[in-house]
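First the structure, in the form of structure tokens, and then the observations on it.
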């Protein structure tokens, strides 16, 4: 029997809330919703791989996924290394290391605003482009690993990334021209 992950969304949200208190203390409600969605997506994609033992074993599996996702978000969004926006065509996509004691509150606010704009632009992309952007930039998977996970060719992944970047650049050009 393959479980319906949607039935476990309240448990996933509870796990994420608890884990954010430990690993990602500066998370926002929007972050926790996004994290919960990512956990549900990963669990849904891998639900056939988990042995359908007991309810407790299944919940432990979900909790482990949630822990890994929360820790990854904390690392990416934490004070040690913040992602700041740059050129969407830039190979490093604007990764900048900033010591936490030098970060001004205004910079944090600007960073959060920019991330919200980028997340909104990504959410407007077709689903096939959202997937590759998420896997490449957020989960930091290689093109080869994305191809394997999605069951498509590497060339298709590269093409989707290219088209997603073009669409994002078009959608975000006016916002970042004002900045």
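The values are calculated or read from the model by the stated rules, or taken from the named source; none is laboratory data. Everything numeric in this text was worked out from a predicted model, so none of it was measured. Glycine also receives a Cβ, built like all others from the backbone with ideal geometry; neighbour counts cover every protein chain displayed.
Among the residues of segment 11-57, just one is in a helix (DSSP H, G or I), under 25 Å from residue 131 (Cβ atoms) and more than 18 Å from the chain's Cα centre (by Cα), namely 11.
Yes/no matrix, rows are residues, columns are (1) over 23 Å from residue 65 (Cβ atoms); (2) assigned by TED's automatic domain parsing to the domain that holds residue 38; (3) within 16 Å of the chain's Cα centre (by Cα):
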| position | (1), (2), (3) |
| --- | --- |
| 125 | yes, no, yes |
| 129 | yes, no, yes |
| 142 | no, no, yes |
| 153 | yes, no, no |
| 156 | yes, no, no |
| 164 | yes, no, yes |
